[in-house]
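Please read the structure below before turning to the comments.
The values are calculated or read from the model by the stated rules, or taken from the named source; none is laboratory data. Quick caveat: nothing in here was measured; it's all calculated off a predicted structure. Neighbour counts are summed over all protein chains in view; Cβ atoms, including those assigned to glycine, are modelled from backbone coordinates with ideal geometry.
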Amino acid sequence: MGQTLTEKILSAHLVEGEMVKGSEIGIRIDQTLTQDATGTMAYLEFEAMGVPRVKTERSVAYIDHNTLQNGFENADDHRFIGSVCKKHGIYFSRPGNGICHQVHLERFGIPGKTLIGSDSHTPTGGGIGMIAIGAGGMDVAVAMGGGTYYITCPKVVKVNLTGKLQPWVAAKDVILEVLKRLSVKGGVGKVIEYTGEGVKTLSVPERATITNMGAELGATTSIFPSDEITREFLKAQGREEVWTELKADDDAVYDETVDINLSELAPLAACPHSPDNVKSIKELEGQKIDQVCIGSCTNSSLLDMMKVAYILKDKTVHPDVSLAIAPGSKQVLNMLANNGALAIMIDAGARILESACGPCIGMGQSPNSKGISLRTFNRNFEGRSGTKDGQIYLVSPETAAVSALTGVFTDPRTLGAAADITLPEKFTVNDNMIVPPVPAEEMDSVEVLRGPNIKPFPVSEPLAETIDAKVSLKVGDNITTDHIMPAGAKILPLRSNIPKISEYCFAVCDEKFHDRALEMGKSVIIGGSNYGQGSSREHAALAPLYLGVKAVIVKSFARIHMANLINAGIVPLTFINESDYDRIDQTDEIKIENIGEQIAAGNVIKATDVTKGFDFELNADFSERQKKMLYAGGLLNYTKQNS
């Protein structure tokens, strides 16, 4: 029986376990990436492990999130990250060089390699045939130190692409169609592998758009084959030597199959407030809009930007619309400046933003009250834009650009014949904003520079014999990491200061949570289905850790957040009988006796609602490694004990 592409790469990197679906496997990691919102904490964790130099083939730190420098905090963090990189063998992509996923695709990604990044959209690398996975910062720190990365051996879903996209239908519409069919929970425990004749019609930037937003499916990652189109892209980047042809065997067996005829797709939009709330632009056509934002790691490539310029040429943005455009990298911005496309955008009335994440994480360009904003981004969770009642729609660059001109939702197919835009045979390559580390023999001469906003990693304790604590918060389904630990210009600069950032923990759900949790001293959180979806931010685990949360009991978890809770030493448990969720109220006292012994004995543990006087059962399905991590009080303690 043949192998899928996913199975081929995972098997080649297998360090521990067996390739049995649903079991835990450990894989060797070739590359890592961090960004500055998660990077400071990841490098504090790396330092705490005491490993002098990274042991990966290539590790890169990017500055792309916290670039709004309103105060000293962000600049201090950037200086800290730069000095750590210089000392410990990490490449440093300076502010202004671009968004981590766009730059990594251009300059560092290699087909067949494994990559983990402390950002949930790391699967962008699947566009060139990598197994690229979003992870918590601590997992990335361990991988940089040469440690194994652990995942559940995934099921593999075959998305069979046939046909060819019609004019003005985009790659963004492909992934929105997948989300419409599978939902934000449909990819949990799975890798989405794209195959079929339709693959050959998609460029690398288009493939990367699709794998990038596969994160919204809850998938472990997404991947395309590495073929001649991949080779042409890498050759244009001056990196043809890293290319390898990679594809699934003809007789590969998949766990599921989804068939998509590209020829039948139409322009789509994800409506507020979830990426899987998908409607056609035809259904929305004519509705007034207030803002358009084009960019993010999903849609900021040169190809995307050239299509936008084509649409804007000799036109003017509608007077009731604010249009902001952020090219994804310095390379893209340079090429737009040199070929005249940037001038077209400026002439049309676009506001040109720096090559960074910006509005996607609520870092500027928040829409007006109840404003309707069309964005080429990947997430539209409530409040993420920085405007609590903002109505955020996720669309393709083509839909965004034409709607910016008309002032209403507009189907780009009204533009007529397709734009004749192809990728260049040679990209402009200038890596002068990527700083290499010093040689190992010079590392002792490098001083690590720390600002006053950088606080120590919060202390976690070994698992107590009994958890006896009140419920500090009860929440519903689809709680995102933006609910748990919001982003935005006000909060992101505090990522290296857990005591301070914890003041905003769950503020979107309950502004009194922080004070209540501190007053309780120790507590339990109760939640619904798909708890912790969205970003990989480990602060959504570290802030609750600081506030004394000992366990989180929910109907189901998102993959990365569950791993982050274990890394932090917080016990993640799920209801065996989901109706028990309805019986428990906020402030109820929950008691789990001999929890360590119960976890060791099997997958089912007994808990008691002391307040209401009933017992209920919880699922504690952990691997032996995860059990040891929980006993130790988290990954950092476990790593120290076993180093």
Exactly one of I392, I372, I344 is at pLDDT 95 or above and farther than 30 Å from S183 by Cα, and that residue is I344
What is the residue count in the stretch 590-643 for residues that are assigned to a strand (DSSP E or B) and touching a residue at least 12 places away in the same chain (Cβ under 8 Å)? 14
Only unsatisfied item for Q365, checking (1) free of Cβ contacts under 8 Å to residues at least 60 places away in the same chain; (2) touching a helix residue (DSSP H, G or I) at 6+ places or on another chain (Cβ under 7 Å); (3) closer than 30 Å to D477 by Cβ, is (1)
Is it true that some residue in the stretch 16-33 is touching a residue at least 12 places away in the same chain (Cβ under 8 Å), under 29 Å from K235 (Cα atoms), of a type in the set (G, A, S) and assigned to a strand (DSSP E or B)? no
Give the residues of the stretch 251-264 that are surrounded by fewer than 19 Cβ atoms within 10 Å (Cβ to Cβ) and among the aliphatic types (A, V, I, L, M), sorted by residue number. V253, V258
Which number in (1) of a type in the set (S, T, Y); (2) within 20 Å of the chain's Cα centre (by Cα); (3) part of a loop (DSSP other than H, G, I, E, B) marks the one condition that T38 misses? (3)
In the set A171, A208, A248, which member is over 24 Å from C297 (Cα atoms), buried (at least 20 other Cβ atoms within 10 Å of the Cβ) and at pLDDT 95 or above? A248
State all residues of the stretch 504-522 that are within 25 Å of T34 (Cβ to Cβ) and either out of contact with any helix residue (DSSP H, G or I) (no Cβ under 7 Å at 6 or more places or on another chain) or surrounded by fewer than 17 Cβ atoms within 10 Å (Cβ to Cβ) (or both); if no residue qualifies, say none. Y504
For the stretch 459-490, name all the residues that are more than 24 Å from K522 (Cβ to Cβ) and either among the small types (G, A, S) or over 18 Å from the mean Cα position of the chain (by Cα) (or both). D477, A487, G488, A489, K490
What is the residue count in the stretch 174-198 for residues that are of a type in the set (A, V, I, L, M, F, W, C) and surrounded by fewer than 20 Cβ atoms within 10 Å (Cβ to Cβ)? 0
State whether one or more residues within the stretch 387-395 are more than 19 Å from the chain's Cα centre (by Cα), assigned to a loop (DSSP other than H, G, I, E, B) and under 25 Å from L217 (Cβ atoms). yes
Set D477, D482, D468: member being within 22 Å of E578 (Cβ to Cβ), acidic (D, E) and touching a residue at least 60 places away in the same chain (Cβ under 8 Å): D477
Just checking, which of V103, V140, V174, V159 is out of contact with any helix residue (DSSP H, G or I) (no Cβ under 7 Å at 6 or more places or on another chain) and either within 16 Å of L217 (Cβ to Cβ) or among the β-branched types (V, I, T) (or both)? V103
Is there any pair linking a residue in the stretch 241-254 that is under 17 Å from K155 (Cα atoms) and assigned by TED's automatic domain parsing to the domain that holds D227 to one that is in a strand (DSSP E or B) and not small (G, A, S), with Cβ under 6 Å and at least six apart or on different chains, and which? Y254/V156; Y254/K158
Of (1) crowded, with 19+ Cβ neighbours inside 10 Å; (2) closer than 30 Å to G50 by Cβ, S623 fails just (1)
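Conditions tested, residue by residue: (1) hydrophobic (A, V, I, L, M, F, W, C); (2) outside the structural domain of R28 (by TED's automatic domain parsing); (3) part of a strand (DSSP E or B).
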{"residue": "H101", "(1), (2), (3)": "no, no, no"}
{"residue": "L105", "(1), (2), (3)": "yes, no, no"}
{"residue": "I110", "(1), (2), (3)": "yes, no, no"}
{"residue": "S120", "(1), (2), (3)": "no, no, no"}
{"residue": "G146", "(1), (2), (3)": "no, no, no"}
{"residue": "I151", "(1), (2), (3)": "yes, no, yes"}
{"residue": "K164", "(1), (2), (3)": "no, no, no"}
{"residue": "D173", "(1), (2), (3)": "no, no, no"}
{"residue": "L176", "(1), (2), (3)": "yes, no, no"}
Consider I346 against the criteria (1) surrounded by fewer than 18 Cβ atoms within 10 Å (Cβ to Cβ); (2) under 22 Å from the mean Cα position of the chain (by Cα): it satisfies all of them except one. Which criterion is unmet? (2)
